[in-house]
Amino acid sequence: MAITNVTSGAIYATVSAAILGAAPGDVIQLSAGTYSEDFPLIKDITIEGVGGLARLTPTLTVNPQAGDPLYQPPANAKAILVTQGAVTLDHLELTGAAVSAANGGNGAGIRYETGSLTITNSHIFGNQEGLLAGANPGANISIDHSEFDHNGAEDGYTHNIYVGDIGTLSVTNSYIHDALGGHEIKSRAASTFVTGTRIQDGLADSNYAIDLPDGGIAVIANTIIQKGVNAPNFAGIHFGGEAFPVYDPSALTLTGVTYINLLDPAATQGWNPLVLDQTVPYFAPEMTGLTLYGVSADEMLVDPSGLPVSGAAYTGTALGNSFLAIGAAPVFDTSSPIDIPEPGTALLLLGALLAARLRSRRVS
């Protein structure tokens, strides 16, 4: 498998060596395949798979006995990849991160620490935490055409995606599903944008589809959310509830959202099954152009206390909201959102790698 720094032309034997040998701004390309290593800290570089997805995992367990884990905990006790600076990850698969309870029990596919992070065309699954991002006010994290699934430690504190107090989280054209005991997306960002994305609990005991516990500016647009039958919470979206007061400014806008509510209607107990709004001070969400399956119009007219909402009545025809029977819900699209290059493109990239090999000296 080829590991190439296409900026410098250097060829490497391991991904770790390529990372350690990279300068800020360099691009490292990995041919499709599996790389099981303890990866060093990543700063200010791009890592991208070529000709398919490059799978990065922790090191394999040597001579495993029955019941032993397939992978060892990452040596950094944090994540498969830990990022600082301006980092782009493209066409990667990250799986197998787990750390001990003493180290937090939250081994992540990606642990963001500082700088900016862009994730594109990647699949993060089967970790205790998918993406775990600490607080870094003003920072930006962008996720596009990517899939996060089956991340979580079944403890309610680990999620497919969790970001702390950053500037902006943007999730576009992605598929987020089957969080194990936690939220599909949990964001404490000042601004959260989820657009053109599919969020699905499946049969997992996923909590909220989108949890915004500190408020903030949030826009959910042209997105499909399917609330699963085993969800422990009745609402799809949670707004506020952990910060008193919530961020200033705070506003939640839903537009063009399709919501499929598979929960037993008795589970909602007369509360709004789409949004649990616990903002203090209270901000009534704006909701227009919604298509709601398994949600009655009456349920949309109450706030968290069971009182009529202030402002717009969400059943008003001018708002374009539709309330339909769950039996009319469409079949959920579970296809991958990841764009894999066509074979011709892959061959061109392979040619570029071979040319780089001829230009460069071998580095081990």
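Which residue out of Tyr175, Tyr162 is within 15 Å of the chain's Cα centre (by Cα) and within 24 Å of Asp333 (Cβ to Cβ)? Explain how you work it out, then say what you get.
On the way: Tyr162 fails: within 24 Å of Asp333 (Cβ to Cβ).
Selected residue: Tyr175, the only one of Tyr175, Tyr162 that is within 15 Å of the chain's Cα centre (by Cα) and within 24 Å of Asp333 (Cβ to Cβ).
Could you look through region 269-326, keep only residues that are of a type in the set (D, E, K, R) and under 20 Å from Asp214 (Cβ atoms), and pick out the one that is modelled with the highest pLDDT? Don't jump to the end; show me each part of the working.
Residues of region 269-326 that are of a type in the set (D, E, K, R), as a first pass: 277, 286, 298-299, 303.
Okay, now just the ones that are also under 20 Å from Asp214 (Cβ atoms), so 277, 286, 303.
Values: Asp277: 89, Glu286: 92, Asp303: 58.
The qualifying residue modelled with the highest pLDDT is Glu286.
Hey, among Asn233, Asn207, which residue is closer than 26 Å to Ala267 by Cα, modelled with pLDDT of 95 or more and not hydrophobic (A, V, I, L, M, F, W, C)? Lay out the reasoning, then the answer.
Values: Asn233 fails: modelled with pLDDT of 95 or more.
Checking each option against the conditions leaves just Asn207.
Working only within region 182-212, note down all residues that are out of contact with any Phe, Trp or Tyr (no Cβ under 8 Å at 6 or more places or on another chain) and in a loop (DSSP other than H, G, I, E, B).
Arg188, Ala189, Gly196, Asp201, Gly202, Leu203, Ala204, Asp205, Ser206, Asn207, Tyr208, Ala209
Consider region 25-44. How many of its residues are without any contact (Cβ under 8 Å) to a residue 60 or more places away in the chain, part of a loop (DSSP other than H, G, I, E, B) and either within 22 Å of the chain's Cα centre (by Cα) or surrounded by 18 or more Cβ atoms within 10 Å (Cβ to Cβ) (or both)?
Of the residues in region 25-44, 4 are without any contact (Cβ under 8 Å) to a residue 60 or more places away in the chain, part of a loop (DSSP other than H, G, I, E, B) and either within 22 Å of the chain's Cα centre (by Cα) or surrounded by 18 or more Cβ atoms within 10 Å (Cβ to Cβ) (or both).
Name every residue in region 10-24 that is over 18 Å from Ser122 (Cα atoms), outside any strand (DSSP E or B) and either in contact with a Ser or Thr (Cβ under 7 Å, 6 or more places away or on another chain) or among the aliphatic types (A, V, I, L, M) (or both), in order of residue number. Steps first, answer last, please.
Keep residues of region 10-24 that are over 18 Å from Ser122 (Cα atoms), which gives 10-14, 16-24.
Going one step further and asking which of them are outside any strand (DSSP E or B), we end up with 10, 12-14, 16-24.
Listed by number, the residues that qualify are Ala10, Ala13, Ala17, Ala18, Ile19, Leu20, Ala22, Ala23.
Can you name every residue in region 189-206 that is of a type in the set (Gly, Ala, Ser), buried (at least 24 other Cβ atoms within 10 Å of the Cβ) and closer than 23 Å to Val246 by Cβ?
Narrowing region 189-206 to residues of a type in the set (Gly, Ala, Ser): 189-191, 196, 202, 204, 206.
Pick out the ones that are also buried (at least 24 other Cβ atoms within 10 Å of the Cβ) and you get 189, 206.
Result: Ala189, single match.
Can you run down the residue pairs with Cβ atoms below 8 Å, 6 or more apart or on separate chains, where the first is in region 54-69 and within 26 Å of Ser31 (Cα to Cα) and the partner is of a type outside the set (Gly, Ala, Ser) and surrounded by fewer than 12 Cβ atoms within 10 Å (Cβ to Cβ)?
Hits for this filter: Thr61/Asp68.
Can you pull out the residues in region 337-351 that are assigned to a loop (DSSP other than H, G, I, E, B) and either over 30 Å from Glu286 (Cα atoms) or at pLDDT below 95 (or both)?
Ile338, Asp339, Ile340, Pro341, Glu342
Just one of Ile19, Ile47, Ile3 is within 22 Å of the chain's Cα centre (by Cα) and of a type in the set (A, V, I, L, M, F, W, C); which is it? Before you say what the answer is, go through the steps one by one.
Values: Ile19 fails: within 22 Å of the chain's Cα centre (by Cα); Ile3 fails: within 22 Å of the chain's Cα centre (by Cα).
After applying the criteria, what remains is Ile47.
Would you point out the residue of region 14-24, among those that are among the small types (Gly, Ala, Ser) and touching a residue at least 40 places away in the same chain (Cβ under 8 Å), that is surrounded by the fewest Cβ atoms within 10 Å (Cβ to Cβ)?
Restricting attention to region 14-24, the residues satisfying the condition of being among the small types (Gly, Ala, Ser) are 16-18, 21-23.
Adding the requirement that they be touching a residue at least 40 places away in the same chain (Cβ under 8 Å) leaves 17, 21.
Details: Ala17: 18, Gly21: 14.
Of everything passing the filter in region 14-24, Gly21 is surrounded by the fewest Cβ atoms within 10 Å (Cβ to Cβ).
When you check Ala179 against the structure, is it surrounded by 18 or more Cβ atoms within 10 Å (Cβ to Cβ), of a type outside the set (Phe, Trp, Tyr) and touching an Asp or Glu at 6+ places or on another chain (Cβ under 9 Å), yes or no? Full working, then the answer.
Values: surrounded by 18 or more Cβ atoms within 10 Å (Cβ to Cβ): yes; of a type outside the set (Phe, Trp, Tyr): yes; touching an Asp or Glu at 6+ places or on another chain (Cβ under 9 Å): yes.
Here the answer is yes, as Ala179 does meet what is asked.
The values are calculated or read from the model by the stated rules, or taken from the named source; none is laboratory data. Every value quoted in this text rests on a predicted model; they were computed, and no experiment measured them. Quick reminder, even Gly has a Cβ in these numbers, built from the backbone with ideal geometry, and neighbours come from all protein chains shown.
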